[in-house]
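Visitor: So that we are looking at the same thing, I have put the structure below in structure tokens.
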Amino acid sequence: MKVFQYPLLCALLVFSISCVYNDLNRDHYLLSPDETLSFTFHSNEQNISYSLKKNNQLLIEKSLLGILTDQFDLSDDLTVKKVQRSNKNETWTQVWGEQKHITDNHNELAIYLSSITSQMEMVIRFRLFNDGLGFRYELPEQKELNNFKILDELTEFNFSEDSQSWWIPAYSYRRFEFLYANTLISDISRDTYSKLVEDLTGPRLGPEAVHTPFTVQRNDGICIAIHEANLTNYSSMTLQANGTSKMECDLIPWSDGTKVYATLPFQSPWRTIIVGNNPAELAMSTLTLNLNEPNKLSNTDWIEPGKYIGIWWEMIGTNQSTWGSGAHHGAKTQKVKDYIDFGSKYGFTGVLVEGWNTGWDVNWCCSGDGEAFDFYHSHPDFDSKEVKEYARKKNIRIVGHHETGGQIQNYESQLDSAFAYAQRNDIRVIKTGYVNDVSQNISRTGADGNVYKEWHHGQYMVEHFRKVIETAAKYQVSLVPHEPIKDTGIRRTYPNILSREGAKGQEFNGFMSTKDNNKPNHTTILPFTRLLSSPMDYTPGIFNIKEYRYNSPDDRTINTNHYIPSTISKELALYIVVYAPVQMAADLPENYTDHPAFQFILDVPTDWEKTEILNGEIGQYITTVRKDIHSNDWYLGSITNEKGRDLKIDLSFLDSGVQYQATIYKDPTNGGWQANPEEVVIESIVVEKNDLYKLSLMPGGGQAIRFSPM
Ligand code: NOJ
Ligand code: CA
């Protein structure tokens, strides 16, 4: 210990050291309310650490805790001053969600620490739920200290077993838009990723790390996901890998290497370890939301879950229109009115219009040249007044669009005007976008006038995204960001952040060739990884699967290198499996008109009373059921990877004493993603609670069912 180098100081500190020794060598324990999880806080002269067990099996072995700053070190030479315990068991209500009510039941242990060397004080607050652990660092006001820099957060996650894991690489050029690799934890590296999934052997920046949620499944079946909750005024946490089963918190730095610019009093985001007995239980966790602050918006009447169509797939998918000016410009007034007619006829809440504004004609994609984007002047082809009046008459709203090209300063300088424009034009939901495919390429002009390049998920962007959410709320606008930062449960505090992209979505099936698009197993991984954090704007519902993409807007011949790795029944099932309070019907209106399967898209709600995940294996299959919040209908979605399979379903989730008409949308027995993906068998049967139902899923296919009380 450093004090022994300073005899004088040592004499003064003898008393506290001896107290410390008693305290330091004592472990502090915490049990989850159901007593299945047990947590231990360890401390000694060298360091502080924690471990976590489930049913007496060690899941996370001794893992370091601590923070290192430019002014003090809170990782060693610490004394435990006080230990405080508390608990909570409360149910709260969501503004919208997968379930109306959520129970926050946890036991808490707060460890009050003080540094012998600097006398700085820190509290580490641990909350143990039945579905996992959350903990955060808190620094109260003290020593007239205002600002400091976090140089490193030492938190470790040392898995006791080298388990199978599912991950996407951090510090890579396309943010979160990657297919998942499945390897042992010890095999995580960009080289492995390059061999298994996609070539990442370009210029290397940043450490060998993965994004969170990061999911593992142990040999005993237990699933664990590491993530964070309430990422506020901090930098995103990634997990650094080192060829073992031990992982370490790695914070995305600012361009000057600082991890976080902090001010006292200070709280870190919660570090979370979500635990389930199996994948389905993991995916049902509510821990992330429980670790966020309650809703801050006093009035939420203007927040509207719903379904939208839009001028989108004809650019990104079928390649027949353009965002920018010219003969093929998509967002022309008359075209928008046609979409309004279609959407209004079928009861959609919104029509997304991309390319309504100016700024698209420069080479904005994909390296951040989006300075020309204007967010409150429309393109000459788009008459905002006429469109607004027409939409109003037809009882539908425009969903706005702000592609920023990752030009944050340009966007922020227009933020108020942009959202005021939206409010004036009856726009209640805006999809934003941050396409900027170079790793560390977000321009920020510093106080010295120089331009610095920041990472997409660092503190600068965390603060930017919060600013946008708060500004949008001021103008009663909700958001669906694409290329966002990851969600950490902020939707509880700001329910106007409805959904987000933040993973490889349907768009990749649009513009990538068959060889490089999403594989049939991708959507069977998402529920156990990315979707642990929040809803996703995956944009399901493509019906034209085989021959949909033109060679160019001018060359209307079909490009045969494009084929969606899905089936229509699977596309329907995704409305249940991938939760989002605003769901897009992504295909062109003409592919829905008169199609019998379109009825499912029209029926399916986006706000739920309850959700249950009936089964699932990561990367193989999943079956989810949800009950509508406005009726007694239940819905089921089940999807599989490239393998066909039969799953026996117990219908005991249905309400008792009720007979249901089950309308089933499934692939034909000779169907699947490669054979007859566009054929749907629709049948109707009568079922009730406790009936058994056999789901026969075809390769790469799925099944969607609506259960309506008779
Ligand atoms: C990428 C988004 O994911 C996509 O939905 C959008 O159409 C384009 N950027 C253009 O903004
Ligand atoms: Ca995207």
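Visitor: Give me the net charge for the shell around residue 501: Cβ to Cβ below 11 angstrom, other residues only, Lys and Arg +1, Asp and Glu -1.
Guide: Numbers: positive: 175, 431, 486, 500, 504, 530; negative: 177, 483, 487, 507, 537.
Neighbourhood net charge equals +1.
Visitor: In terms of modelled amide H atoms, which long-range or inter-chain residues lie less than 5 Å from the amide H of residue 614?
Guide: 623, 624, 625
Visitor: Assigning unit charges at the beta carbon (Lys, Arg +1; Asp, Glu -1) and nothing else, what dipole magnitude in debye, to the nearest 20, does the stretch 75-197 show about its Cα centre? Working shown, then result.
Guide: Details: 14 positive and 19 negative charges, 59 e Å.
Roughly 280 debye for the stretch 75-197.
Visitor: Near the amide H of residue 322, under 5 Å away, which other amide H atoms are found, from residues 5 or more places off or on another chain, if H is placed in the peptide plane?
Guide: 329, 330
Visitor: Considering only the stretch 222-347, what is the antiparallel percent among its DSSP beta bridges, to the nearest 5? It would help to have the intermediate numbers written out before the result.
Guide: Numbers: 12 of 13 bridges.
If I count the DSSP bridges inside the stretch 222-347, around 90 percent turn out antiparallel.
Visitor: At 1.4 Å probe size, with the rest of the protein present, what percent of the exposed accessible area of the chain is carbon and sulfur atoms?
Guide: On the way: 11990 of 25850 Å².
Roughly 46 percent, rounded to a whole number.
Visitor: Among DSSP beta bridges lying fully in the stretch 306-599, give the percent that are antiparallel, nearest 5.
Guide: Numbers: 6 of 27 bridges.
Counting only bridges with both partners in the stretch 306-599, antiparallel ones make up about 20 percent.
Visitor: Please get the size of the charge dipole for the chain, origin at its Cα centre, with Cβ charges of +1 on Lys and Arg and -1 on Asp and Glu, quoted in debye to the nearest 20.
Guide: 700 debye
Visitor: Show 691, 131, 77 ordered by accessible area, largest first, where the area counts protein heavy atoms only and the probe is 1.4 Å. List each step's numbers first, then the result.
Guide: Numbers: 691 50, 131 30, 77 5 Å².
Listed by decreasing accessible area, they come as 691, 131, 77.
Visitor: Got a sec? Which residues in the stretch 433-451 would a label at residue 367 touch, if it sits 7 Å along Cα→Cβ and we count backbone N under 11 Å?
Guide: Those under the cut-off are 437-438.
Visitor: Can you sort 153, 35 by solvent-accessible area, 1.4 Å probe, largest first? If you can, show how the numbers build up before the last one.
Guide: Working: 153 0, 35 125 Å².
From most exposed to least exposed: 35, 153.
Visitor: For the stretch 532-590, state which trypsin sites (Lys or Arg not before Pro) are in a DSSP loop and have at most 16 other beta carbons lying within 10 Å of their beta carbon.
Guide: Values: sites: 546, 549, 556, 570; in loops: 546, 549, 556.
Within the stretch 532-590, the qualifying trypsin sites (Lys or Arg not before Pro) (loop, at most 16 other Cβ atoms within 10 Å) are 546, 556.
Visitor: Another question, if that's okay. Could you pull out every residue, at least 5 positions away or on a different chain, whose amide H is within less than 5 Å of the one on residue 429? Hs are placed 1.01 Å off N in the peptide plane, and Pro or chain starts have none.
Guide: Here the answer is 400, 478, since their amide H atoms fall under 5 Å of that of residue 429.
Visitor: Hey, rough spin-label estimate for residue 424 and residue 385, points 7 angstrom out along Cα→Cβ, what's it come to in nanometres?
Guide: 1.1 nm
Visitor: How far apart, in nm, are two points set 7 Å out from the Cα along the Cα-to-Cβ line at residue 195 and at residue 674?
Guide: Output for this residue pair reads 2.6 nm.
Visitor: Right, something else. Starting from 0.36 nm per residue, how many nanometres of slack lie between residue 301 and residue 256 once their C-alpha separation is accounted for?
Guide: Stretched fully, the residue 301-residue 256 segment lengthens by 11.9 nm.
Visitor: Assuming R0 = 41 Å, can you tell me the calculated FRET efficiency for the pair residue 445 and residue 62, based on Cβ-Cβ distance, to the nearest 0.05? Walk me through the numbers before you get to the answer.
Guide: Numbers: r = 44 Å, r/R0 = 1.08.
FRET efficiency, residue 445 to residue 62: 0.40.
Visitor: Which of the trypsin sites (Lys or Arg not before Pro) found in the stretch 99-165 are loop residues per DSSP with 14 or fewer other Cβ atoms within 10 Å of their Cβ?
Guide: Working: sites: 100, 125, 127, 136, 143, 149; in loops: 100, 143.
Answer in residue order: 143.
Visitor: Accessible area of residue 474, 1.4 Å probe, to the nearest 10 Å²?
Guide: 130 Å²
Visitor: Accessible area per residue of the chain at 1.4 Å probe, in Å²? Write out the running numbers ahead of the final one.
Guide: On the way: 25850 Å² over 710 residues.
Per-residue value: 36 Å².
Visitor: Another question, then. I'd like the distance separating the alpha-carbon centroids of the stretch 432-511 and the stretch 193-234, in whole Å.
Guide: Computed from Cα coordinates, the inter-centre distance equals 19 Å.
Visitor: Just how far, in whole angstrom, is the stretch 53-87 from the stretch 617-631 if you go by their alpha carbon centroids?
Guide: Using only Cα atoms to place each centre, the spacing works out to 37 Å.
The values are calculated or read from the model by the stated rules, or taken from the named source; none is laboratory data. No experiment lies behind these values; they were computed from the predicted model shown. We place every Cβ from the backbone using ideal geometry, glycine too, and count neighbours over all the protein chains shown. The accessibility values were calculated without ligands, DNA or RNA, using every heavy atom of the protein model including side chains. Shrake-Rupley method; radii C 1.70, N 1.55, O 1.52, S 1.80 Å.
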